[in-house]
Amino acid sequence: MPALELRNVAGAHSAPCSLTVAPGEIVGLISNDGAQPEQMLDLISGHSTMTSGTIFVQGNALAGASARARADLGLVRGHADPRLWGALTVEETLRLLLHRQRKSRRGRSEADYLTATLSAFGLDAVRDARMDTAPLGVRRIVELAALSCVEPSVMLLEQPTSGLPSADVEALVPQLQRLASSQKLAIIVVDSDRGVLGQLCHRIAWFDDGHLREVGNAADVITHAHIAVQKEESHE
């Protein structure tokens, strides 16, 4: 069963499209002509209204569910500017989220789960850092850890590498790949750096003029999108 399925999903500025994402798969969204990828994230997460189609998470139709209800069904979204509590430390942020989350922890206590989460995301050394003074790269990793606390099946990420120094980007890519693999988590990612998407993603979905033009191997689709831009420029 797909972790995420879009069936003839359309918005105010997009044609109907269908796409499935398997558990553990990372799929990137790209476009040569505007904000179509971000608009798709808004449709999937419930921040924009669909004009047609159905979205399924783990086989469950969302059917107009709110963004909060979608999160309860296992769909979470990260943002370009991590929306976390600035006055709290890294550890306090994760402890609060774990306390709010009531799903099974496979027999582990909240304290054990917190320790494991800090370790898994490489946050032990910064556990006492305040979120409002932590570097952007740390805040991004904390957001990933925070999102994982709700044990999602689908994660949407918007510009996860934006503003990060190259060293942080190099660390983030394998972290996302480990997260997808270890938790059988489907990740949909929008990022302006197509080089990063080529390294990170199993597949790419390319949108052109509001339509889903191609879905396939990441390197191949990125190349095809680049060639299309070159052809358009040569005809101008």
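In a reduced charge model with +1 at each Lys and Arg Cβ and -1 at each Asp and Glu Cβ, the stretch 173-234 shows a dipole moment near 400 debye about its Cα centre. Charged neighbours of Leu123, selected by a Cβ distance under 13 Å, balance to -1 (K, R count +1; D, E count -1). Determine the sum of side-chain charges near Ile204: Lys and Arg each +1, Asp and Glu each -1, restricted to other residues whose C-beta is under 9 angstrom from that of Ile204. Every neighbour counted, the sum reads 0.
Among the helices of the chain, those built from whole DSSP H runs whose Cα atoms reach 20 Å or more along their own axis and whose mean Kyte-Doolittle hydropathy is at least -1.0 are 166-183, 218-234.
Counting charges near Gly53 (Lys, Arg +1; Asp, Glu -1) among other residues having Cβ under 11 Å from its Cβ returns a value of 0. Taking the charge dipole of the chain about its Cα centre, with +1 at Lys and Arg Cβ atoms and -1 at Asp and Glu Cβ atoms, the residue from Ala145, Val173, Met40 reaching farthest to the positive side is Ala145. Per-residue ellipticity at 222 nm computed for the chain from its helices equals -12000 deg cm²/dmol, with DSSP H segments shorter than 4 residues left out and the rest contributing -39,500 (n - 2.57). The charge dipole of the chain, taken about its Cα centre with unit charges on the Cβ of Lys, Arg, Asp and Glu (plus for the first two, minus for the last two), comes to roughly 1120 debye.
Projecting label points 7 angstrom from Cα along Cα→Cβ for Ala61 and Thr115 puts them 4.6 nm apart.
For Glu214, the amide hydrogen comes within under 5 Å of the amide hydrogens of Trp206, counting only partners 5 or more places away or on other chains and with H modelled in the peptide plane. Scoring 86-95, 53-62, 152-161 by mean Cβ neighbours within 10 Å over their residues and listing the highest first yields 152-161, 86-95, 53-62.
Values in this text are rule-based calculations from the coordinates and carry no lab data. Computed from a predicted model, the values in this text were never measured in an experiment. Cβ: placed from backbone, ideal geometry, glycine included. Neighbour counts: every protein chain shown.
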